[in-house]
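Only one structure is covered here, and it is reproduced in the block below.
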Amino acid sequence: QVPLGATGGGSVQSGGSLTLSCAASKHLSSSACMAWFRRGSGNEREGVALIDKEGHTRYTESVKGRFTISQDNTKKTLYLQMNSLKFEDTGMYYCAAVDFSWVCAESEITYSHFGHWGPGTQVTVSS
């Protein structure tokens, strides 16, 4: 019912941390998986992290060991904890959800395959 919307972005120095939140409403219970994407200097939205109904997670290689995706079913909120931020992490971050499990099983986290999304939040990392 309530649209997806990412919040929690901001400006930090290299090495800093941020936690992004996404008000997911019923998507946490109805969606097969949810994911975080980001748009940097290009037009494409890179798949950053994914979490499915069973709690299985996947990350793009560049953020492994630094980012953690999680969800709180009580608060109906998706999170992305970002540590050791780098300049190349700068971009607009979006959360998205998809209703079909086959999308969640794909080797790549592909934005065009996700059917629900909302406004992004800007993350700026200075050197």
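Of all the numbered requirements in (1) part of a loop (DSSP other than H, G, I, E, B); (2) in contact (Cβ under 8 Å) with a residue 40 or more places away in the chain; (3) closer than 22 Å to His116 by Cβ, Gly16 misses one, and that requirement is (3). In region 50-58 there is no residue that is farther than 25 Å from Asp99 by Cα, small (Gly, Ala, Ser) and either surrounded by fewer than 18 Cβ atoms within 10 Å (Cβ to Cβ) or more than 14 Å from the chain's Cα centre (by Cα) (or both).
Among the residues of region 52-84, those identified as at pLDDT below 95 and among the β-branched types (Val, Ile, Thr) are Thr74, Thr77. Note on region 10-24: among residues that are modelled with pLDDT of 95 or more and either under 12 Å from the mean Cα position of the chain (by Cα) or farther than 16 Å from Val63 by Cβ (or both), the one that is least open to solvent (accessible area, probe 1.4 Å) is Leu20. Return the residues of region 91-110 that are over 11 Å from the mean Cα position of the chain (by Cα) and open to solvent by 40 Å² or more (accessible area, probe 1.4 Å); say none if nothing qualifies. The answer is Asp99, Phe100, Ser101, Trp102, Ala105, Glu106, Ser107, Glu108, Thr110. Note on region 60-90: residues that are open to solvent by 30 Å² or more (accessible area, probe 1.4 Å), assigned to a strand (DSSP E or B) and not charged (D, E, K, R) total 5.
The values are calculated or read from the model by the stated rules, or taken from the named source; none is laboratory data. None of the values given here were measured: they were computed from a predicted structure. When we count neighbours, we look across all protein chains shown, and the Cβ atoms used for this are built from the backbone with ideal geometry, even at glycine. Surface areas here come from the heavy atoms of the whole protein model, side chains and all, with no ligands, DNA or RNA. Shrake-Rupley method; radii C 1.70, N 1.55, O 1.52, S 1.80 Å.
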